[in-house]
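The values are calculated or read from the model by the stated rules, or taken from the named source; none is laboratory data. Since this is a predicted model, take the numbers as computed values, not measurements. Here the Cβ positions follow ideal geometry from the backbone for every residue, glycine too, while neighbour counts run over all protein chains shown. These area figures cover heavy atoms from the full protein model, side chains too; ligands, DNA and RNA do not enter into them. Shrake-Rupley method; radii C 1.70, N 1.55, O 1.52, S 1.80 Å.
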Amino acid sequence: MDAHTTNGPGRADGVIERHSIDVVPDSERHGRAFNQFTLWLGANLQITAIVTGALAVVFGGDVVWSLVGLVAGNLLGGAVMALHSAQGPRLGLPQMIQSRAQFGVRGAAVPLLLVILMYVGFFASGSVLAGQATARLAHTNDTTGIIVFAVLTAVVAAIGYRVIHVVGRVASAVCAVAFVFLGIRLLDRVDVGALLGDAHFSLPMFLLAMSLSASWQLAFGPYVADYSRYLPRTTSARATFWWTLSGSALGSQWSMTFGVLVAASAGERFLDDQVGYVVSLGGAGAAASLLYFVIALGKLTINVLNTYGGFISMVTGISGFRGQRTLSPRGRAAYIAGIMVAGTAMALLGKDSFLVSFKDFLLFLLTFFTPWSAINLVDYYLISRERYDIPALFDPHGRYGAWRANALIVYAVGVLAQLPFLATSFYTGPLVAPLGGADVSWIVGLAVPATLYWLLARSDNAAKGTAPAPEVAAPSGEVAAASPPGDR
């Protein structure tokens with residue numbers, strides 16, 4: 001285990017994190033709900049969010065309705081994501097460990113495989129743009145810039161939770177100042193009145209914008225509680241929810257609005273070199289160097305989250321079969337290195353076709369993560385009523401079992417139910433054309449599994465006579481939920 005000492009309740013003097021998928025004891029809890037605001041604001045004030053907003057215009061939307069669609073998606077998707085964040089202080093566990101309560105200790109590996117793919121993909125897409133900024137800052141080529149950035153990301157992720165939040169606080173302040181400056185410079189070049197006056201509503205384009213921002217927010221769901229699990233157990237769930245939603249929705253909408261205006265006014269100049277064009281708005285020389293640094297810092301924040309989340313997810317998936325609850329420093333480094341190598345390889349292979357690939361990647365991922373979010377939230381808030389038997393989450397022979405067929409079947413149905421409504425460059429469902437080309441798959445992916453899981457879980461609990469367990473103190477000073485007699 002990493003060196004780590006405590007100095008009084010809630011304080012930890014060690015910089016290097018020693019926890020992975022195990023419960024964070026109350027004695028090591030620290031921070032405030034406001035920390036979620038700075039982390040998620042910093043994670044969203046960055047170049048990939050700009051590109052995501054730009055895609056709404058690049059693929060045919062106008063400025064006005066693209067912005068309205070992006071706002072709606074950020075608020076709806078952000079609310080789902082923030083509900084996951086509120087689970088962290090209550091349980092003191094990483095997000096995907098909680099999936100064992102729905103899918104089983106080993107069955108949780110099914111959505112985890114796709115979650116890990118998501119982290120690697122976002123690591124890759126972030127490294128492409130950050131690599132460009134790093135290369136220009138260091139006066140080297142893009143390949144070297146991508147590799148240097150990837151190594152730096154892995155180092156910060158390996159240090160862990162405390163440093164991740166410090167980076168988020170710094171990035172939220174620095175990037176906010178830079179975005180205000182860039183916004184002023186952009187408004188000097190853009191005829192906003194003309195752009196806003198050219199409004200022509202198109203349902204497919206509106207729903208594309210909404211899907212882009214909703215998928216952006218929902219993709220945080222599988223790891224958002226990883227960054228709230230150290231908050232004191234007494235932290236208000238409502239405060240955690242609102243600070244997370246505020247930081248994430250504000251940061252992403254700010255970036256995406258900038259992207260919409262840039263794409264609508266610059267066209268091919270932006271498409272040819274996203275990083276270069278954004279920096280050119282600020283000027284040359286020292287100003288350009290500072291902006292390249294800001295872009296790299298913003299991407300560092302989110303890429304560290306992706307790397308750390310990938311590491312936690314890999315440990316969660318494998319430990320379900322190995323019975324592992326803790327991890328050595330060497331094991332931690334190996335998992336993080338694996339994420340880094342895979343993501344860097346993908347970045348180098350896909351850097352020349354970034355925009356189209358990234359749009360399809362976002363929408364395709366949404367197909368697999370909306371059913372998981374629906375199942376997890378319904379189970380936590382409506383079925384289990386915010387109480388889990390924490391020791392049983394690590395025991396395939398315990399309360400939750402190794403595999404839970406009901407959840408796995410509902411998850412599969414939730415994925416399949418979206419296919420008729422899905423629109424990507426490599427597959428378009430048969431119900432997309434009757435809807436005018438609109439992609440509403442993510443709405444189906446939330447509604448269908450949420451309803452099915454609630455009905456099945458209620459019926460199963462009624463048949464077994466089970467109920468959420470009361471909370472009791474665990475020997476380690478953690479808090480677990482006890483299983484009802486005879487339920488193990």
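Would it be correct to say that Leu363 is hydrophobic (A, V, I, L, M, F, W, C), open to solvent by 50 Å² or more (accessible area, probe 1.4 Å) and either on the phi > 0 side of the Ramachandran plot or modelled with pLDDT under 85 (or both)?
Criteria not met by Leu363.
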Kindly list the number of the only condition in (1) within 23 Å of the chain's Cα centre (by Cα); (2) on the phi > 0 side of the Ramachandran plot that fails for Tyr411. (2)
Where a residue in the stretch 159-174 is in contact (Cβ under 8 Å) with a residue 24 or more places away in the chain and its partner, wherever it lies, is open to solvent by 50 Å² or more (accessible area, probe 1.4 Å) and of a type outside the set (D, E, K, R), with Cβ under 8 Å and at least six apart: Ile159/Val15; Ile159/Ile16; Gly160/Ile16; Arg162/Val15; Val163/Val15
Does the stretch 399-415 hold any residues that are of a type outside the set (D, E, K, R) and open to solvent by 10 Å² or more (accessible area, probe 1.4 Å), and which are they? Tyr400, Gly401, Ala402, Trp403, Ala405, Asn406, Leu408, Ile409, Tyr411, Ala412, Val413, Val415
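Does any residue of the stretch 254-267 turn out to be in a helix (DSSP H, G or I), under 18 Å from Ala173 (Cβ atoms) and open to solvent by less than 30 Å² (accessible area, probe 1.4 Å)?
Yes, that holds for at least one residue.
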Residues in the stretch 54-68: is at least one touching a residue at least 24 places away in the same chain (Cβ under 8 Å), surrounded by fewer than 24 Cβ atoms within 10 Å (Cβ to Cβ) and charged (D, E, K, R)? yes
Restricting attention to the stretch 416-443, and to residues there that are without any contact (Cβ under 8 Å) to a residue 60 or more places away in the chain and of a type outside the set (A, V, I, L, M, F, W, C), which single residue is surrounded by the most Cβ atoms within 10 Å (Cβ to Cβ)? Gln418
Filter pass, Phe123 being of a type in the set (Phe, Trp, Tyr), buried (at least 24 other Cβ atoms within 10 Å of the Cβ) and at pLDDT 90 or above: no
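Would you check if Gly168 is within 15 Å of Ile295 (Cα to Cα), under 18 Å from the mean Cα position of the chain (by Cα) and open to solvent by less than 50 Å² (accessible area, probe 1.4 Å)?
Here the answer is yes, as Gly168 does meet what is asked.
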Hey, does the stretch 95-110 have a residue that's on the phi > 0 side of the Ramachandran plot, assigned to a loop (DSSP other than H, G, I, E, B), crowded, with 24+ Cβ neighbours inside 10 Å and in contact with an Asp or Glu (Cβ under 9 Å, 6 or more places away or on another chain)? no
Would you be able to say whether some residue in the stretch 226-246 is open to solvent by less than 10 Å² (accessible area, probe 1.4 Å), assigned to a helix (DSSP H, G or I), in contact with a Gly (Cβ under 6 Å, 6 or more places away or on another chain) and among the small types (Gly, Ala, Ser)? no
Among the numbered criteria (1) touching a residue at least 12 places away in the same chain (Cβ under 8 Å); (2) closer than 25 Å to Ala194 by Cβ, which single criterion is violated by Gly310? (2)
Can you tell me which residue within the stretch 268-292, out of those that are in a loop (DSSP other than H, G, I, E, B) and either among the aliphatic types (A, V, I, L, M) or in contact with a helix residue (DSSP H, G or I) (Cβ under 9 Å, 6 or more places away or on another chain) (or both), is nearest to Trp216 (Cα to Cα)? Asp273
Filtered residues of the stretch 312-352 (kept if in a helix (DSSP H, G or I), within 26 Å of Gly92 (Cα to Cα), of a type in the set (Lys, Arg) and open to solvent by 40 Å² or more (accessible area, probe 1.4 Å)): Arg322, Arg330
